[in-house]
Amino acid sequence: MKKLKKSEMLSRGQVEHVRAERNLLAEVASHCIVKLYYSFQDADYLYLIMEYLPGGDMMTLLIREETLTETVARFYIAQSVMAIESIHKHNYIHRDIKPDNLLLDKNGHMKLSDFGLCKPLDCSNLSSINENEVLDDENLHETMDIDESFPESKNGRRWKSPLEQLQHWQINRRKLAFSTVGTPDYIAPEVLLKKGYGMECDWWSLGAIMYEMLVGYPPFYSDDPVTTCRKIVHWKNHLKFPVEARLTPEAKDLISRFLCDVENRLGRADQIKAHPWFKDIAWDKLYEVEAAFKPEVNGELDTQNFMKYDEVDPPATGRTGSGPMRKMLLTPKDLSFVGYTYKNFEAVKGLHQSSDLNRSASLNRSSIDSSQSDSALDYSTRYSCSDMEAQVLAASEDVMSE
């Protein structure tokens with residue numbers, strides 16, 4: 001369940017982003033996209049009830065594995081292409097493609113999520129970025145790339161090696177995962193420059209992810225986000241392929257055709273699918289074959305494949321109103337979210353049927369077990385993921401009916 005505070009969405013100017021996320025999830029029916037069951041609201045919050053994918057996300061996988069082989073990377077980049085294509089066909093631009101938003105189901109197949117830009121980059125300090133400025137090593141003002149302790153080179157400093165950059169990125173990636181600011185590492189230059197942008201910006205982001213999969217860190221990473229943004233804007237000076245990564249010529253070419261000017265960038269899914277790097281991909285069977293990575297999942301409620309976050313207790317506040325009287329006390333805040341409520345009847349029906357089947361199967365197993373042992377657990381203590389989702393849906397129906 002995704003929970004969004006109305007007052008925060010209003011103060012951040014994200015009402016349209018929230019509405020776009022709900023509309024996209026309701027409109028796009030694709031096995032590449034996380035499925036939406038319900039959206040509803042109460043006095044203070046918006047809620048999205050979506051399918052749970054226990055395989056974790058690409059960010060966690062990359063932190064654990066550091067780099068992927070080209071075979072594994074090819075599989076997930078191909079599935080990402082299909083996911084991005086599915087939203088582009090409906091005239092949506094994601095604008096926030098990053099490993100955190102690429103989720104894995106229990107079989108290791110990837111689905112795209114998070115269409116609301118709810119964790120935006122703070123661009124208040126980026127006004128000084130200019131694509132025409134002269135940018136060299138001296139005015140980058142970053143610490144990550146420079147090792148001051150190394151014997152002096154011609155300018156008295158040494159650039160960190162790819163291995164050192166990888167280690168630095170791994171440490172900071174975990175911090176960024178808990179940050180409320182976000183990271184600019186995957187944002188296209190035209191988005192940073194606010195020049196106007198199209199669907200091509202999503203393909204830039206995918207190119208940055210592909211680079212990270214194969215090299216171990218994003219192509220323009222710095223410990224200072226403003227410097228990262230400057231590197232992205234001046235990508236021609238900073239896009240380099242470490243020899244140690246041993247990328248194939250086809251992989252380098254595809255990345256270079258993602259991370260380039262809009263005019264030269266691959267901008268259509270059919271162009272991307274035709275690239276030589278994907279020559280062994282059977283696009284129409286991609287979600288039917290065994291996934292390149294099979295996550296360890298011990299039950300439908302398993303969360304081991306996600307990073308652990310500290311639980312934060314929300315402030316104790318009572319509901320500001322509900323029931324019949326609540327409907328009569330509409331405020332400007334409420335009017336901003338009129339029409340947000342949604343129910344995916346087909347998906348919910350399938351979920352309830354799945355829950356009934358699980359309940360029947362578990363009941364049969366319980367009867368067999370109890371005939372063999374007096375210590376068998378009662379079925380009423382057994383819950384599957386579908387049971388829990390059904391309970392959440394039932395609770396959401398109560399809120400929607402108020």
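The values are calculated or read from the model by the stated rules, or taken from the named source; none is laboratory data. Remember, predicted model here, so these are calculated numbers, not experimental data. With ideal geometry, Cβ positions are generated from the backbone for all residues, glycine too; neighbour counts draw on all protein chains shown.
Details
- Pair list, Cβ < 8 Å and 6+ apart or interchain, from the stretch 242-263 residues that are among the acidic types (Asp, Glu) to residues that are modelled with pLDDT of 95 or more: 250/275; 250/276; 250/277; 253/275; 253/276; 253/277
- In the set (1) in contact with a strand residue (DSSP E or B) (Cβ under 9 Å, 6 or more places away or on another chain); (2) of a type outside the set (S, T, N, Q); (3) surrounded by fewer than 21 Cβ atoms within 10 Å (Cβ to Cβ); (4) under 17 Å from residue 97 (Cα atoms), residue 51 fails one condition alone, (4).
- Test: residue in the stretch 189-199 that is modelled with pLDDT under 95 and under 17 Å from residue 74 (Cα atoms): no
- Qualifying residue in the stretch 55-70 (condition: within 14 Å of the chain's Cα centre (by Cα), surrounded by 16 or more Cβ atoms within 10 Å (Cβ to Cβ) and farther than 16 Å from residue 98 by Cα): yes
- Odd one out for residue 59, checked against (1) assigned by TED's automatic domain parsing to the domain that holds residue 202; (2) at positive phi: (2)
- Matching entry among 93, 77, 84 (being assigned by TED's automatic domain parsing to the domain that holds residue 183, among the β-branched types (Val, Ile, Thr) and not in a helix (DSSP H, G or I)): 93
- Within the stretch 206-260, the set of residues being among the charged types (D, E, K, R), out of contact with any Ser or Thr (no Cβ under 9 Å at 6 or more places or on another chain) and within 21 Å of residue 191 (Cβ to Cβ) comprises 236, 257.
- As for the stretch 28-42, it holds at least one residue that is out of contact with any strand residue (DSSP E or B) (no Cβ under 6 Å at 6 or more places or on another chain), without any contact (Cβ under 8 Å) to a residue 40 or more places away in the chain, surrounded by fewer than 18 Cβ atoms within 10 Å (Cβ to Cβ) and under 16 Å from residue 113 (Cα atoms).
- Residue 248 modelled with pLDDT under 95, among the β-branched types (Val, Ile, Thr) and assigned by TED's automatic domain parsing to the domain that holds residue 101: no
- Number of the condition not met by residue 274 [criteria: (1) loosely packed, with under 15 Cβ neighbours inside 10 Å; (2) in contact with a Pro (Cβ under 6 Å, 6 or more places away or on another chain)]: (2)
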